[in-house]
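Okay, structure first, notes after.
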Amino acid sequence: MKKTKIDHYTDKEALEFHNSNKSGKIEIVSSKPMTTKRDLALAYSPGVAAPVKEIAKNPEAAYDYTTKGNLVAVISNGSAILGLGNLGALASKPVMEGKAVLFKRFADIDAIDLEIESSNSEEIINSIVNFSKSFGGINLEDIAAPDCFIIEKKLKEKLDIPVFHDDQHGTAIITTAALINALDICKKSIKKIKVVINGAGASAIACSDLFMSNGVPKENITMIDRKGVIYKGRDNLNHWKSSHAIKTKSRTLNEAIKGSDVFLGLSAKGILTKKMVKSMAKNPIIFACANPDPEITPEEVNEVRNDAIVATGRSDYPNQVNNLLGFPYIFRGALDVRAKTINEEMKVAAANAIAELAREDVPDEVAAAMGGGERPKYGKEYIIPSTFDPRLISVIPVAVAKAAIKSGVARKKIDNFEFYKEKLKQRLDPSVTILQGINNQIKKTQKKVVFADGEDENTLKAAIAFKNSELGIPILVGKKEKIKERLKEIGLSENFNIEIVNSTDSKKREKYKNFLFKKLHRSQGLLERDCDRLIRNDRVIWSSCMVSCNDADAMVTGNTRRYAQSLEKITKVVEPRPGEIMFGLNMVVNKGKTVFIGDTSVHEYPTSNELAEIAISAARVVRLFGFDPKIAFLSHSTFGQPLTSRTKHIRDAVEILQDKKVDFQFDGDMQPDVALSEEYKELYPFSGIVGNANILIMPGQHSAAISYKIMKSLGGAKVIGPLLIGLGQAIEIAPLRSSTSDILNLASVAAYSAGVIDYLKKN
């Protein structure tokens with residue numbers, strides 16, 4: 001069983017992450033315009049009175065006129081935080097904020113964390129009941145047993161919205177999905193297997209219940225706590241444990257495990273021994289889910305059995321049992337049909353949907369997003385999908401919604417599930433998996449990336465993060481003394497082992513001088529001493545030579561000087577890629593949509609031919625990121641209205657592409673609202689673009705740069721780039737004063753480009 005690399009972070013990095021920009025991980029953003037007096041009048045007084053009266057007449061109208069239908073409360077009292085124990089309500093807030101972020105990131109659900117300072121279950125129940133009307137669902141988290149059972153049960157009785165304790169049911173659903181597929185691979189019947197569950201907490205009991213709901217006979221499940229087997233007649237069992245007691249002669253794990261088909265561990269490191277594994281039945285299924293260290297490692301299992309299927313809770317082994325596969329999508333389906341509860345039927349449907357997805361062929365874009373080496377294929381090391389599989393959003397909610405409707409707990413019906421599927425896909429923009437896919441890929445190739453501005457604080461942090469995340473091998477350019485000084489200032493000097501290079505390396509300096517002289521002596525009339533001076537005095541020139549002379553694979557620079565200055569230095573050393581035009585392309589992500597904008601950095605006023613070539617290259621690059629290119633040539637006009645000289649210029653570019661018979665959708669001239677809105681596009685049924693454009697070719701560099709910077713500054717968009725397209729080496733230029741994250745992203749893109757692009761010829 002092959003281990004995969006996992007990211008490593010220091011406590012300091014984690015703290016800086018939570019404190020950077022705005023403190024915490026979530027914010028509230030208005031979904032309606034709030035710019036004019038009229039907007040305010042509609043949003044509040046007197047306009048707000050209209051929905052108030054409608055809701056007073058019909059409470060169900062709250063789903064139509066408020067956020068209730070897409071709002072989940074993430075609730076904890078901090079009594080069982082991760083593996084840290086009872087640290088109090090306030091200490092649980094970072095975890096609950098994180099849960100809220102996951103709801104949004106994976107299922108486009110708005111979530112608010114609420115931490116309740118109480119250890120009294122009745123007090124917690126009453127608090128939740130009193131504010132429950134504001135929410136479409138309740139997610140309970142990190143609440144210690146047995147209070148978690150009591151709280152969830154009472155809330156389900158009192159409320160008519162979904163209540164879900166993820167520690168219980170999330171684990172149960174994913175584990176059940178894994179069990180279904182493991183049994184399928186082993187050719188074993190769920191009705192005949194013998195199951196041993198080590199652990200008797202909330203998650204273990206929930207797993208046992210769902211196993212039984214899927215067909216495992218109760219008498220075939222042996223549950224074990226710290227005192228041994230839970231058997232009928234044992235003293236001092238609480239209500240929840242006693243309901244899982246069975247008639248058995250076994251009293252210890254060692255006795256119970258003999259001849260068993262399945263082991264589920266939700267307990268502690270090292271509980272399951274190799275000797276115990278040897279005693280299990282043929283083709284044993286071992287789910288060792290203790291965190292952070294499993295009851296037994298897959299390597300230890302493999303030492304004594306070659307017929308076992310193993311899953312853990314860890315991301316560095318195959319078959320990770322991760323609740324993230326479940327809760328966002330389960331709530332998505334429940335909310336979309338306005339379910340009154342999340343019942344057993346819905347949980348069973350979710351488990352089976354997850355299991356079925358793992359059996360499907362994995363398409364290219366999904367394989368890229370998932371990473372981890374070879375394409376995943378249904379089998380012993382792939383029994384449950386990856387958490388980064390973008391198909392989850394269109395599979396699990398559908399199954400849950402159907403089950404809710406069929407079991408009678410849905411307030412709202414869905415008539416067209418194919419249409420619903422498409423709407424679900426639109427909620428999760430493909431761009432959210434792009435960087436994950438890139439990072440997964442470059443972890444395998446371990447490219448050498450030069451960080452040219454090594455003395456800059458943000459660049460230095462980015463290089464350290466690049467190394468710590470095992471994305472590749474960073475190389476810093478700068479003076480060692482200054483870099484070490486800067487490291488002390490930012491508190492990252494411990495265990496620092498990144499290579500630092502500069503012009504004091506006489507051997508490399510001589511090599512780069514000769515390379516540069518050979519390249520520039522005729523074209524620019526430079527002497528050897530001129531080239532030597534450039535090498536010694538300019539870190540961008542030095543770094544560009546490193547890449548050109550194969551001492552590094554890729555490079556990132558730009559944070560300490562203007563883009564044009566960096567580009568001018570780089571192009572002294574590196575020429576455009578053969579047969580391609582050089583231009584800047586920005587990826588802009590905003591409100592679930594991703595668009596690419598070009599040319600943002602090179603051509604002030606591209607000719608018609610250049611616009612066409614930019615479009616062709618942009619389409620190629622965007623495909624590398626997993627998108628189907630749809631290109632709009634933007635203008636102040638739409639299809640010639642009004643017709644100006646610049647409009648004709650753009651229309652000529654469209655005609656050039658038509659003559660070339662390219663294999664992607666394109667059209668123009670058009671205004672941005674027509675390119676990005678299906679509503680406006682209805683006015684132009686003859687348009688060559690079906691749906692919304694995702695590549696916007698601007699008439700000039702000025703309009704392109706202005707557009708993306710306005711979106712970033714005012715619209716809150718996430719911007720990656722400009723990506724430097726068409727250069728003869730994998731080099732990216734960060735805009736002046738880029739953040740650590742921006743530089744890190746560009747370094748990843750550069751490393752990725754170095755692996756997928758043949759810089760000697762056109763792809």
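Worth pointing out:
- Lys275, sole failed condition from (1) crowded, with 18+ Cβ neighbours inside 10 Å; (2) part of a helix (DSSP H, G or I): (1)
- The combined condition, being in contact with a helix residue (DSSP H, G or I) (Cβ under 6 Å, 6 or more places away or on another chain) and modelled with pLDDT of 95 or more, is not fulfilled by Ile150.
- Neighbours by Cβ (under 8 Å, 6+ apart or cross-chain): first from region 578-591, touching a residue at least 12 places away in the same chain (Cβ under 8 Å); second in a strand (DSSP E or B) and of a type in the set (Gly, Ala, Ser): Phe583/Gly598; Gly584/Gly598; Gly584/Gly721; Leu585/Gly598; Leu585/Gly721; Asn586/Gly598; Asn586/Gly721; Met587/Gly721
- The sole residue among Ala730, Ala717, Ala754, Ala705 that is of a type in the set (A, V, I, L, M), in contact (Cβ under 8 Å) with a residue 12 or more places away in the chain and in contact with a Pro (Cβ under 9 Å, 6 or more places away or on another chain) is Ala705.
- Inter-residue pairs, beta-carbon under 6 Å, first assigned to a loop (DSSP other than H, G, I, E, B) and in region 396-412, second among the acidic types (Asp, Glu), 6+ apart: Ser407/Glu345
- Residues of region 318-349 that turn out to be part of a loop (DSSP other than H, G, I, E, B), under 20 Å from Leu424 (Cβ atoms) and in contact with a strand residue (DSSP E or B) (Cβ under 9 Å, 6 or more places away or on another chain), as a count: 3
- The numbered conditions (1) in the same structural domain as Asp113 (by TED's automatic domain parsing); (2) at pLDDT below 95 are all true for Gly136 except (2).
- Test: residue in region 298-317 that is assigned to a loop (DSSP other than H, G, I, E, B), among the hydrophobic types (A, V, I, L, M, F, W, C) and in the same structural domain as Asp209 (by TED's automatic domain parsing): yes
- Residue within region 699-707 that is aliphatic (A, V, I, L, M) and under 22 Å from the mean Cα position of the chain (by Cα) present: no
- Checked against the criteria, Ile246 does not count as buried (at least 17 other Cβ atoms within 10 Å of the Cβ) and not aromatic (Phe, Trp, Tyr).
- Boolean, Thr571 is assigned to a strand (DSSP E or B) and more than 19 Å from Val449 (Cβ to Cβ): no
- Boolean, Ile286 is at pLDDT 95 or above and either under 33 Å from the mean Cα position of the chain (by Cα) or within 20 Å of Val395 (Cβ to Cβ) (or both): yes
- Sole residue being buried (at least 20 other Cβ atoms within 10 Å of the Cβ), modelled with pLDDT under 95, in contact with a helix residue (DSSP H, G or I) (Cβ under 7 Å, 6 or more places away or on another chain) and assigned by TED's automatic domain parsing to the domain that holds Gly270, chosen from Ala200, Ala204: Ala200
- Across region 464-517, the number of residues qualifying as of a type in the set (Phe, Trp, Tyr) and either in contact with a strand residue (DSSP E or B) (Cβ under 9 Å, 6 or more places away or on another chain) or not assigned by TED's automatic domain parsing to the domain that holds Asp551 (or both) comes to 1.
- Of all residues making up region 711-751, the number that are over 18 Å from Ser544 (Cα atoms), not in a strand (DSSP E or B) and not hydrophobic (A, V, I, L, M, F, W, C): 11
- Qualifying residue in region 518-530 (condition: of a type in the set (S, T, N, Q) and modelled with pLDDT under 85): yes
- Hey, Val409 at pLDDT 90 or above and either within 28 Å of Ser503 (Cβ to Cβ) or surrounded by fewer than 16 Cβ atoms within 10 Å (Cβ to Cβ) (or both) or not: no
- Residue match in region 63-84 (condition: modelled with pLDDT under 90 and either assigned to a strand (DSSP E or B) or not aliphatic (A, V, I, L, M) (or both)): yes
- Meets criteria (closer than 20 Å to Ala172 by Cα, in a helix (DSSP H, G or I), in contact (Cβ under 8 Å) with a residue 24 or more places away in the chain and aliphatic (A, V, I, L, M)) for Leu264: no
- Comparison of Ser30, Ser92 shows that the only residue that is hydroxyl-bearing (Ser, Thr, Tyr) and assigned to a helix (DSSP H, G or I) is Ser92.
- Whichever residue in region 649-661 is among the basic types (Lys, Arg) and surrounded by fewer than 13 Cβ atoms within 10 Å (Cβ to Cβ) and, among such residues, is farthest from Lys630 (Cα to Cα): Lys660
Condition check ((1) surrounded by 18 or more Cβ atoms within 10 Å (Cβ to Cβ); (2) of a type outside the set (S, T, N, Q); (3) over 13 Å from Gly726 (Cα atoms)) across all residues:
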site	(1), (2), (3)
Met587	yes, yes, yes
Gly598	yes, yes, no
His603	yes, yes, no
Glu613	yes, yes, no
Ser617	yes, no, no
Arg620	no, yes, no
Gly626	yes, yes, yes
Lys630	yes, yes, yes
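The values are calculated or read from the model by the stated rules, or taken from the named source; none is laboratory data. The structure displayed is predicted, hence computed values, not measured ones. Using ideal geometry, Cβ is built from the backbone for each residue, glycine included, and neighbour counts are taken over all protein chains shown.
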